[in-house]
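Heads up, the thing below is written out as structure tokens.
The values are calculated or read from the model by the stated rules, or taken from the named source; none is laboratory data. Quick caveat, the model's predicted, so the values are computed rather than measured. Cβ placement follows ideal geometry from the backbone for every residue including glycine, while neighbour counts extend to all protein chains displayed.
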Amino acid sequence: MNITKVTAVYFSPTGHTQTVVSCIAQQIAQSLGVPMETVDFTLPQAREVSYQFSDTELIVFGTPVYAGRIPNKLLPFVQTGFTGNGALAVPVAAYGNRSFDNGLIEACVELERHGFHTVAAAAVPTEHVFSAKLATGRPDAEDLEQLKLFAKRVAEKVQTAAEIPAAVEVPGDKALDAYYRPMGIDGKPTVFLKAKPVTDAALCKKCGICAEVCPMGSIPADAPDTTAGICIKCHACLKKCPVHARSFQDEAFKSHTAMLEANFQRRTEIALFL
């Protein structure tokens with residue numbers, strides 16, 4: 001097959017998904033000897049336009065997994081913002097060490113529905129934004145080398161294919177009728193949908209970085225010590241605050257984080273599908 005360009009496409013509030021997707025896309029482009037471009041649709045302004053591709057392109061498409069699926073506040077744009085026109089696609093799910101659940105199969109389903117042909121897929125453990133105790137430092141050097149080898153195999157598959165391959169098969173429930181239900185440290189379901197980060201007024205310098213990086217546009221530039229709109233718990237504002245002025249104090253949220261730390265510190269392996 002004749003591929004003329006590879007594009008890394010991702011939603012990545014804290015940079016982990018970007019690292020994974022870019023690693024795969026760069027190696028595929030290098031192996032095919034074609035240029036690589038990037039579509040970063042993390043910030044609201046990037047979701048004010050739609051993106052068209054062609055049948056001579058390959059995209060590596062990644063999002064983090066929230067509650068076992070593509071983040072629900074992002075899903076409408078995933079469903080309307082991308083048209084494949086026959087482009088090949090490699091869906092990627094970045095997850096925080098518990099499970100990728102239906103996050104990968106949902107990406108496959110949506111891409112296939114909108115004119116892409118999935119040829120490979122990957123589910124990659126990345127450091128959990130809720131706690132650095134979960135998948136600490138991942139993707140690490142070992143992960144990145146594994147992803148490069150995978151990307152080389154994807155390039156070889158594309159180069160040697162005489163016709164469009166069958167859609168890649170990945171585990172999960174195509175019905176997509178539910179999200180993962182968070183549990184607390186007591187083993188009971190817990191709800192923190194309305195939880196938002198709080199700001200330590202003694203630390204906050206009102207520099208506005210948090211407002212700039214919020215993927216929902218929910219932090220006012222003129223009042224960066226507040227969260228006025230929807231919070232998807234992505235932790236971009238926490239991770240990128242230079243003085244660490246923001247934190248989550250919601251008890252249900254903290255109980256869920258404690259449960260994750262108690263049960264999911266084992267090393268999970270990358271899942272690759274080709």
Candidate set from the range 43-65 (those that are out of contact with any Gly (no Cβ under 6 Å at 6 or more places or on another chain) and surrounded by 22 or more Cβ atoms within 10 Å (Cβ to Cβ)); member that is nearest to Ile164 (Cα to Cα): Leu58
Checklist (1) at pLDDT below 95; (2) buried (at least 22 other Cβ atoms within 10 Å of the Cβ); (3) not acidic (Asp, Glu) applied to Pro13, failing item: (1)
Members of the range 156-191 found to be touching a residue at least 12 places away in the same chain (Cβ under 8 Å) and among the hydroxyl-bearing types (Ser, Thr, Tyr), listed by number: Tyr179, Tyr180, Thr190
Search result, residues across the range 181-199 that are touching a strand residue (DSSP E or B) at 6+ places or on another chain (Cβ under 9 Å) and of a type in the set (A, V, I, L, M): Met183, Val198
Near pairs, Cβ below 8 angstrom, 6+ apart or cross-chain, from the range 252-274 (over 23 Å from Thr17 (Cβ atoms)) to any residue that is among the acidic types (Asp, Glu) and at pLDDT 95 or above: Ser255/Asp186
Hits in the range 87-120 (condition: of a type in the set (Gly, Ala, Ser) and under 30 Å from Met259 (Cα atoms)): Ala93, Ala94, Gly96, Ser99, Gly103, Ala107
Single match in Cys231, Cys210 (criterion: modelled with pLDDT of 95 or more and in contact with a strand residue (DSSP E or B) (Cβ under 7 Å, 6 or more places away or on another chain)): Cys210
Identity of the residue in the range 1-10, over 13 Å from Phe61 (Cα atoms) and in contact with a helix residue (DSSP H, G or I) (Cβ under 6 Å, 6 or more places away or on another chain), that ends up modelled with the highest pLDDT: Ile3
Every residue from the range 246-268 that is within 16 Å of Tyr95 (Cα to Cα) and either polar (S, T, N, Q) or touching a helix residue (DSSP H, G or I) at 6+ places or on another chain (Cβ under 9 Å) (or both): Thr257, Asn263, Gln265, Thr268
Failed item in (1) of a type in the set (S, T, N, Q); (2) over 19 Å from Glu269 (Cα atoms); (3) part of a loop (DSSP other than H, G, I, E, B), with Thr136 passing the rest: (2)
Selection status of Pro189, outside the structural domain of Ala25 (by TED's automatic domain parsing), more than 25 Å from His128 (Cα to Cα) and surrounded by fewer than 19 Cβ atoms within 10 Å (Cβ to Cβ): no
Hits in the range 196-216 - residues which are among the small types (Gly, Ala, Ser) and within 27 Å of Glu251 (Cβ to Cβ): Ala201, Ala202, Ala211
Selected residue [within 21 Å of Leu134 (Cβ to Cβ), in the same structural domain as Gly103 (by TED's automatic domain parsing) and aliphatic (A, V, I, L, M)] from Val21, Val9, Val39, Val34: Val21
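Those residues that are assigned to a loop (DSSP other than H, G, I, E, B) and of a type outside the set (A, V, I, L, M), I need them from the range 1-25; list them, please.
Taking the range 1-25 first, the residues assigned to a loop (DSSP other than H, G, I, E, B) are 1-4, 11-15.
Selection gives Asn2, Thr4, Phe11, Ser12, Pro13, Thr14, Gly15.
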Any pair with Cβ under 7 angstrom, 6 or more apart, that starts in the range 62-76 at a residue that is under 19 Å from Gln18 (Cβ atoms) and ends at one that is surrounded by fewer than 17 Cβ atoms within 10 Å (Cβ to Cβ) and not charged (D, E, K, R): Lys73/Ile230
Candidate set: the range 210-234, residues that are assigned to a loop (DSSP other than H, G, I, E, B) and charged (D, E, K, R); chosen: the one nearest to Pro76 (Cα to Cα): Lys233
Selection from the range 26-42 of residues that are part of a strand (DSSP E or B) and either touching a helix residue (DSSP H, G or I) at 6+ places or on another chain (Cβ under 8 Å) or crowded, with 17+ Cβ neighbours inside 10 Å (or both): Met36, Thr38, Val39, Asp40
